[in-house]
Amino acid sequence: MVVQDVMTSPVVSVLPSENYQSALRLMQSHHVHHLPVIDNNGRLCGIIAERDMLQAASAYMNTIAEVELVMRRDVVTVSPTTPAADAARVILSRRIGCLPVTDGRGQVVGIVTEGDLLAAMLELMGIPRSTFREEEVGNQNL
């Protein structure tokens, strides 16, 4: 199994010039916790996590700060053909929540998250994806 089999695509992304408040609204409306930051050519230039947004909210409370000020620039990426197990190892060893997936030109083609990898594991165990929704699991004590 390779990253392309488990990644989310197309990916929701943001430009570095957008303000962090609009990026946070984008995260909330799409129910995501990470946004790749791309330039006008679609190449990755950073990533912003929900926790970065919360820190920005306190640091830039009454100002309009651009994503570029709060994004992380040292982004680890994988390619679509990277083994999914290798992606999982990187996420665990670096204690990060996701890896942007880029092609040979640096274009963002997807994102692989902890949730994507857990869903793939459940599917390998024979548990259908249709049973992954929270309302079906509920607040069961497992």
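Residue check: is Arg89 surrounded by fewer than 21 Cβ atoms within 10 Å (Cβ to Cβ), under 30 Å from Met125 (Cβ atoms) and either at pLDDT 95 or above or of a type in the set (Val, Ile, Thr) (or both)? Criteria met by Arg89.
Residue check: is Arg105 in contact with a Gly (Cβ under 6 Å, 6 or more places away or on another chain) and either surrounded by fewer than 16 Cβ atoms within 10 Å (Cβ to Cβ) or among the charged types (D, E, K, R) (or both)? Spelling it out, it is not the case that Arg105 is in contact with a Gly (Cβ under 6 Å, 6 or more places away or on another chain) and either surrounded by fewer than 16 Cβ atoms within 10 Å (Cβ to Cβ) or among the charged types (D, E, K, R) (or both).
Applying the condition of being under 12 Å from the mean Cα position of the chain (by Cα) and of a type outside the set (A, V, I, L, M, F, W, C) to region 1-32 and asking which residue is surrounded by the fewest Cβ atoms within 10 Å (Cβ to Cβ) yields His31.
The values are calculated or read from the model by the stated rules, or taken from the named source; none is laboratory data. Treat the numbers as computed from the prediction; the structure is a model and nothing was measured. All Cβ positions, glycine included, derive from the backbone under ideal geometry; neighbour counts span all protein chains shown.
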